[in-house]
Amino acid sequence: MKSICFQSVGEVATRAIADPVVEAEHEAIVRVSLAGLCGSDLHPFFGRESGLDAGTVMGHEFVGHIVEVGPSVKTLKVGDRVCSPFTTNCGSCFYCLSGISSRCERGALFGWRSDDHGLHGGQAEYVKVPLADGTLVRIGDEIDDPTALLLGDNLTTGYFGAKLACDHTSAESDTFAVIGCGTVGLLAVMLLRQMGAKRVIAHDPNPARLAMAERFGAECCGDASAFASHILDRTSSRGADAVLEFVGLPEAQRLAYEVIRPGGTMSVIGCHCTPHFAFSPAESYDKNLTYRTGRCPARSLMSELLETGWLGSLDLSWCVTHRYSLDESVKAYDVFANRRDHCIKAAIDCST
């Protein structure tokens, strides 16, 4: 089959590898129709994370149809149209039952193999899914491929960030600051508004992204100093009640600390790879800061989001701006990684 494989830092390639087959009774094989490129894919691509084996099939966002199931798979059958969270989930361990499926005792991340162990990803014609019953979500024809793709990662992650912020604040009366308006940050702005937030102030240095955030009802600032000043002006110099940080870099973490009020909640969804915080424990203590973070429990929240009925009312057509074939892997990663051509999110049509 054709697949997009990691070669080395800054390099991917379209390669032919063997088709996956069911080897364990709980596995399923999915023929992929659409796969996503995610900001998390860029950590190994840029070398911010190390250890990924050369030849690993990239990607942890995919939608498709089941073509084979193992004998113990009970809730799914061949022909079912499914989407997937970015990790496998057993559905029955303490963490899955507690709503923290991202910490499943048997879970693994798609698109990450190290020392010949781990899972290949979904940027391929076919993908093997262990623990299929607990991992895959059956979807109907009313949900198109791009929306289903978002449900497995970006949309649930934005929802997770908004929930972490809103749990300790009042959506209708408080000020929410959003740092980082990539796909997940923009979805969080939409969801905050859906949850009743009256004031959302967003920051990103990319003017096109800020224009999207403004379209969704956020007040926007591209300059970090102006962003901080605007928040102080709008909050009687207190600072934001909650800050959602989606970047994962030290400067963003520091900015989040600077604009949050004493007693505020920091919802940190950006994946930080540096070994140290950009603010000290003493500074956190001095602000009575609530710091909330962690990998999104996507599988737990996929069902919750479907139950809200929001997928039918949210306009998500803006998210996937660029689509490529598997043969265009180098171009796809170049455009997405370097934000060329006003790219918000790129996807791979794996069936063409």
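The values are calculated or read from the model by the stated rules, or taken from the named source; none is laboratory data. Quantities reported herein were computed from a predicted structural model and do not represent experimental measurements. Cβ coordinates were reconstructed from backbone atoms using ideal geometry, including for glycine residues, and neighbour counts include every protein chain displayed. The accessibility values were calculated without ligands, DNA or RNA, using every heavy atom of the protein model including side chains. Shrake-Rupley method; radii C 1.70, N 1.55, O 1.52, S 1.80 Å.
Couple of notes before you dig in:
- Exposed-site-free run, longest, the chain (rule: GluC sites (Glu not before Pro); DSSP loop; at most 13 other C-beta within 10 Å): 173-352
- N338 versus V9: modelled label distance in nm, points set 7 Å from Cα along the beta carbon direction: 1.8 nm
- The trypsin sites (Lys or Arg not before Pro) of the range 192-275 that DSSP puts in a loop, and whose beta carbon has at most 14 other beta carbons within 10 Å, are K198.
- Where S72, S329, S98 fall by accessible area, highest first, once all protein chains stay in place (1.4 Å): S98, S72, S329
- Among the chymotrypsin sites (Phe, Trp or Tyr not before Pro) in the range 305-352, those placed in a DSSP loop whose Cβ has at most 16 other Cβ atoms within 10 Å are W318.
- Here the extension length gained between T293 and I17 equals 95.7 nm, from 0.36 nm per residue of separation less the Cα-Cα distance.
- Contact order normalised by residue count of the chain, Cα under 8 Å, 6+ apart, percent: 18 percent
- Isotropically averaged projected area of the range 297-337, using the convex hull of Cα atoms (one quarter of hull area), nm²: 4.4 nm²
- Local charge for I17 was computed over the other residues whose Cβ lies under 11 Å away, with Lys and Arg +1 and Asp and Glu -1, and equals 0.
- Debye-formula intensities of the range 34-115, expressed as log10 I(q)/I(0) at q = 0.16, 0.22 Å⁻¹, are -0.79, -1.18 (one equal scatterer per alpha-carbon, no solvent).
- For the range 50-138, applying the loop criterion from DSSP together with a ceiling of 12 other beta carbons within 10 Å to the trypsin sites (Lys or Arg not before Pro) yields K74, K77.
- Full-extension gain in nm, R323 to A108, via 0.36 nm per residue minus C-alpha separation: 74.7 nm
- Modelled FRET efficiency - R0 25 Å, E214 with S236, Cβ distances, 0.05 increments: 0.60
- Distance from the alpha carbon centroid of the range 264-323 to that of the range 245-260 works out to 13 angstrom.
- Normalised by 2.2 N^0.38 Å, where N is the number of residues, the C-alpha radius of gyration of the chain stands at 0.98.
- Straight-distance crosslink candidates among lysines, where the alpha carbon sits under 29 Å from K198 and sequence neighbours closer than 8 are dropped: K163, K287, K345
- Carbon and sulfur %, accessible surface of the chain computed with the full protein complex present, 1.4 Å: 48 percent
- Estimated dipole of the range 230-352 in Debye, rounded to 20 [Cβ of Lys and Arg +1, of Asp and Glu -1, Cα centre]: 180 debye
- Spin-label zone in the range 90-119 - amide nitrogen under 11 Å from a point set 7 Å from the Cα of A24 along the C-beta vector: 90, 106-108, 118-119
- Mean-position separation - Cα centroids, the range 188-202 and the range 62-137, in angstrom: 31 Å
- Value of [θ]222 nm, deg cm²/dmol, for the chain, DSSP H segments ≥ 4, -39500 (n - 2.57) each, nearest 500: -8000 deg cm²/dmol
- Gain in span if fully extended, S72 to D286, counting 0.36 nm per residue against the direct Cα distance: 71.7 nm
- Global size of the range 266-352 as Cα Rg and Dmax, reported in angstrom: 18.8, 56
- Probe 1.4 Å, protein heavy atoms only - accessible area per residue of the chain in square angstrom: 42 Å²
- Note on the range 126-184: along the principal axes its Cα atoms extend 45, 22, 22 Å, ordered by decreasing extent.
- In nm, spacing of pseudo-spin labels at H117 and V330 (7 Å Cα→C-beta vector): 3.5 nm
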